[in-house]
Amino acid sequence: MKRKLFIATSLSAALSACSAIGNKLNDSPTFHKVLNSAEDVNEVFIGTRGRVREYTERDISANFPLDSLDTPSDSTYTQLIRDHFASYRLTVDGLVEHPQHLSLSQLQHLMNVTQITRHDCVEGWSAIAKWQGVRLADVLALARPRPNARYVVFYSFDRDSNDTQYYESLSLEQAAHPQTLLALRQNGKPITPDRGAPVRLRIPTQLGYKSAKWVYRLQMVASLKDLYGGKGGYWEDQGYEWYAGV
Ligand SMILES: Nc1nc2c(c(=O)[nH]1)N[C@H]1C(S)=C(S)[C@@H](COP(=O)(O)O)O[C@H]1N2
Ligand SMILES: [Mo]
């Protein structure tokens, strides 16, 4: 992807989902506090808090463009492909009580969501696919975020030609969205290496660049300021908006 265009999209769709954030994070007093305080600044979150439309099998796009940095070709990633991701671990660490190192089979056992949703790239294309995976909120809840955790940062295996790491981030409010997944399957098959295997984010409420491919680490942090360019993501560090609601 050489250049990105901003498209002013605002689907201020029925924002009725706020109360529907029913998941294990509700067991955590910290998450409760964060979610309740978010109600007061509702307007800040318009566009990432409502539920987006879900489609049917008939609506699945015949062609889903491929649009990212190149599939990682370093030895770490190629070794993972060779062992069919048996040695893959998803690390969940940072400001958490119980750091996690989840294998692919553990994640497969946690799989609890199937969604057919539209992916909106900032460059102006959209495509619909079926995604299956684990609700992000459930994985974060396993690690028990500490009270000072405000954001979750996602680290990907790929790097650009300047060796800059692809990363992304969400606030805990965004991370708790019931349609936000760690996706393991696309259109009924395991996610392929060019699509971000074995685990990619799927965030249908936000622009495509938020949905990081090739994710290996989720880090809970209090601030995004000290990471890379300080703007919370690879594209954000180059001037794209962090919030990026569709
Ligand atoms: N790690 C990583 N994730 C990424 C990207 C990337 O370059 N690296 N590109 C993003 C963008 S801009 C889009 S539109 C989608 C594209 O996913 P696809 O190649 O499966 O269509 O991945 C997103 N996630
Ligand atoms: Mo994109």
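If you go through region 217-227, how many residues are in a loop (DSSP other than H, G, I, E, B) and in contact (Cβ under 8 Å) with a residue 24 or more places away in the chain?
Residues that pass the stated criteria total 4.
Looking at 217, 200, which one is within 16 Å of ligand 2 (Cβ to nearest atom) and either within 27 Å of residue 98 (Cβ to Cβ) or not hydrophobic (A, V, I, L, M, F, W, C) (or both)? First the steps, then the outcome.
Working: 217 fails: within 16 Å of ligand 2 (Cβ to nearest atom).
So the residue among 217, 200 that is within 16 Å of ligand 2 (Cβ to nearest atom) and either within 27 Å of residue 98 (Cβ to Cβ) or not hydrophobic (A, V, I, L, M, F, W, C) (or both) is 200.
Residues are listed down the side, and each one gets a yes or a no for (1) under 30 Å from residue 60 (Cα atoms); (2) within 14 Å of ligand 1 (Cβ to nearest atom); (3) aliphatic (A, V, I, L, M):
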site	(1), (2), (3)
142	no, no, yes
154	yes, yes, no
166	yes, yes, no
175	yes, no, yes
178	yes, no, no
186	yes, yes, no
218	yes, yes, yes
221	no, no, yes
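Taking the condition of being within 14 Å of ligand 1 (Cβ to nearest atom) and buried (at least 18 other Cβ atoms within 10 Å of the Cβ), how many residues in region 44-89 meet it?
The qualifying residues number 4.
Name the single residue that is nearest to the chain's Cα centre (by Cα) among those in region 137-147 being at negative phi and either outside any helix (DSSP H, G or I) or within 16 Å of ligand 2 (Cβ to nearest atom) (or both).
Going through the qualifying residues, I end up with 145.
Are any residues in region 117-130 of a type outside the set (S, T, N, Q) and either under 20 Å from residue 235 (Cα atoms) or within 11 Å of ligand 1 (Cβ to nearest atom) (or both), and if so, which ones?
In the first step, residues of region 117-130 are kept if they are of a type outside the set (S, T, N, Q); the result is 118-125, 127-130.
Within region 117-130, 119, 120, 121, 122, 123, 124, 125, 127, 129 meet the criteria.
Run residue 194 past the list (1) surrounded by 21 or more Cβ atoms within 10 Å (Cβ to Cβ); (2) within 16 Å of ligand 2 (Cβ to nearest atom) and report the number of the one that doesn't hold.
(1)
No value in this document is a laboratory result; all are computed from the given coordinates. All of these numbers come straight from a predicted model, not from anything done at the bench. All Cβ positions, even for glycine, are placed from backbone atoms using ideal geometry, and neighbour counts span all protein chains on display.
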